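Asker: My questions will all concern the structure given below.
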Amino acid sequence: MSEGEVLALSGGIGGAKLALGLSRVLPDGSLTVVANTADDFEHLGLNISPDLDTLMYTLAGLDNPEAGWGRGNETWTFMSVLASLGGETWFKLGDGDLAVHVERTRRLRAGESLTAITADFCARLGIAARLLPMSDDRVRTRLRTSDGWLEFQEYFVHRRCAPEVREIAFEGASVAKPNPAVLTALSSSRLRAVVICPSNPLISVDPILALPGMRAALVRCRAPVIAVSPIIGGKAVKGPTAKMLAELGRPVSAVEVALHYRDFLDGFILDEADAPLAPALDMPFTLAKTLMHTLADREALARGVLDFAGTLREKPRG
């Protein structure tokens, strides 16, 4: 595989799987992962960054693969005592996970940036990839639902995605500054590929794209921009992607995801099960096994993504 840097845009669980695969097949220091932080929220007085932490735990080998979130081998003393005191327990915080939130909150209040704190955490955990929050400014996903406007974690965790979604807004995105390291990476002559991980396009990737200048930077980017479908056979692998698309009156299809990114996308990766949809893409594509059950699956998909990027490298942007 050719040398160069790779930039990946990611949400939590699905994106983290591919990010791990990329981190294992690329040389150390050549992968940068940009995390959605519009899911972040304040809970029990703590600053919590769910997607950022899922990526961090996954890249460090500390994740809980059964749940898809949180740390493996977690203990729950804090939650048990909190429940006995009548506290809010709908958002589960394991003891090890809690330590991350406490230390992050302390350092944010002391004036450190989320970028600097994340970099230090990753160094201490031995993570070779560079993990960046999409912005150090506050952006929050809010949903207009059949139950009114809801904060994202209220909808996603507390109400288990039950209300019908009618509109999505990213509060603060229009005035937030993209992480400058992301814009620098997108303009680098060493950039080999940009990968849109198989994350929910509406609530995991769109917040990143909503930051001023991000879509334009992707359009100008000379490296190929590739997306991996999070939809297989008209269904989401995990999470509310399919439900949200349907409720917003949009087709639940891998093709719809490709069209969602069409202004900057150079290529698309379809699952093998969706091969009949390929003629509707009207862009370069490749077929792959995108369902990642095992570490080998993640590495194989990562290699396929990079190989596909190699075929597009000399292709001029239209």
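Read-outs: derived from the displayed coordinates by stated rules, not from any lab. As the structure is a prediction and not an experimental result, all values here were calculated from the model. Ideal geometry is used to build each Cβ from the backbone, glycine not excepted, and the neighbour counts take in all protein chains shown.
Asker: Working only within region 35-65, note down all residues that are in contact with a Leu (Cβ under 6 Å, 6 or more places away or on another chain) and part of a strand (DSSP E or B).
Answerer: Hits for region 35-65 are ALA35, ASN47.
Asker: Look through ASP97, ASP137 and report the one residue that is surrounded by 14 or more Cβ atoms within 10 Å (Cβ to Cβ), touching a residue at least 40 places away in the same chain (Cβ under 8 Å) and either within 28 Å of ARG24 (Cβ to Cβ) or aliphatic (A, V, I, L, M) (or both).
Answerer: It is ASP97.
Asker: Going by the conditions given, is ALA128 assigned to a loop (DSSP other than H, G, I, E, B), crowded, with 17+ Cβ neighbours inside 10 Å and either touching a strand residue (DSSP E or B) at 6+ places or on another chain (Cβ under 7 Å) or of a type in the set (Gly, Ala, Ser) (or both)?
Answerer: When the stated conditions are applied, ALA128 does not pass them.
Asker: Now a separate question. Pick out the one residue from ALA176, ALA185 that is in a loop (DSSP other than H, G, I, E, B), surrounded by 15 or more Cβ atoms within 10 Å (Cβ to Cβ) and of a type in the set (A, V, I, L, M).
Answerer: Matching residue, one of ALA176, ALA185: ALA176.
Asker: Right, here's the next one. How many of the residues in region 269-303 are acidic (Asp, Glu) and surrounded by fewer than 19 Cβ atoms within 10 Å (Cβ to Cβ)? First the steps, then the outcome.
Answerer: The first filter runs over region 269-303 and keeps only residues acidic (Asp, Glu), leaving 271-272, 274, 282, 297, 299.
Okay, now just the ones that are also surrounded by fewer than 19 Cβ atoms within 10 Å (Cβ to Cβ), so 272, 282, 297, 299.
So the answer is 4.
Asker: Mind listing whichever residues of region 213-242 are closer than 17 Å to ALA275 by Cβ and over 16 Å from the mean Cα position of the chain (by Cα)?
Answerer: ILE232, GLY233, GLY234, LYS235
Residue by residue, here is whether (1) touching a Lys or Arg at 6+ places or on another chain (Cβ under 9 Å); (2) among the basic types (Lys, Arg); (3) more than 22 Å from TYR57 (Cβ to Cβ) holds:
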site: ILE117; (1), (2), (3): yes, no, no
site: ALA128; (1), (2), (3): no, no, no
site: SER135; (1), (2), (3): yes, no, no
site: ARG138; (1), (2), (3): no, yes, yes
site: ARG142; (1), (2), (3): no, yes, yes
site: SER146; (1), (2), (3): yes, no, yes
site: GLU151; (1), (2), (3): yes, no, yes
site: PHE156; (1), (2), (3): no, no, no
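Asker: Every residue in region 9-40 that is more than 22 Å from ARG71 (Cβ to Cβ), surrounded by 24 or more Cβ atoms within 10 Å (Cβ to Cβ) and among the small types (Gly, Ala, Ser), please.
Answerer: ALA38
Asker: Also, quick follow-up: Kindly provide the set of residues from region 190-212 that are of a type in the set (A, V, I, L, M), over 17 Å from ALA302 (Cα atoms) and either in a helix (DSSP H, G or I) or under 11 Å from the mean Cα position of the chain (by Cα) (or both), ordered by number. Before you say what the answer is, go through the steps one by one.
Answerer: Let us first name the residues in region 190-212 that are of a type in the set (A, V, I, L, M), namely 191, 193-196, 202-203, 205, 208-211.
Subsequent filtering for residues that are over 17 Å from ALA302 (Cα atoms) retains 202-203, 205, 208-211.
LEU202, ILE203, VAL205, ILE208, LEU209 - these are the residues of region 190-212 that are of a type in the set (A, V, I, L, M), over 17 Å from ALA302 (Cα atoms) and either in a helix (DSSP H, G or I) or under 11 Å from the mean Cα position of the chain (by Cα) (or both).
Asker: For region 182-189, check the following and say yes or no: at least one residue is of a type in the set (Gly, Ala, Ser), more than 24 Å from ARG303 (Cα to Cα) and out of contact with any Asp or Glu (no Cβ under 6 Å at 6 or more places or on another chain).
Answerer: There is no residue in region 182-189 that is of a type in the set (Gly, Ala, Ser), more than 24 Å from ARG303 (Cα to Cα) and out of contact with any Asp or Glu (no Cβ under 6 Å at 6 or more places or on another chain).
Asker: Take the conditions in a helix (DSSP H, G or I), hydrophobic (A, V, I, L, M, F, W, C) and within 17 Å of ARG130 (Cβ to Cβ) and apply them to LEU108. Does it pass?
Answerer: Answer is no for this residue.
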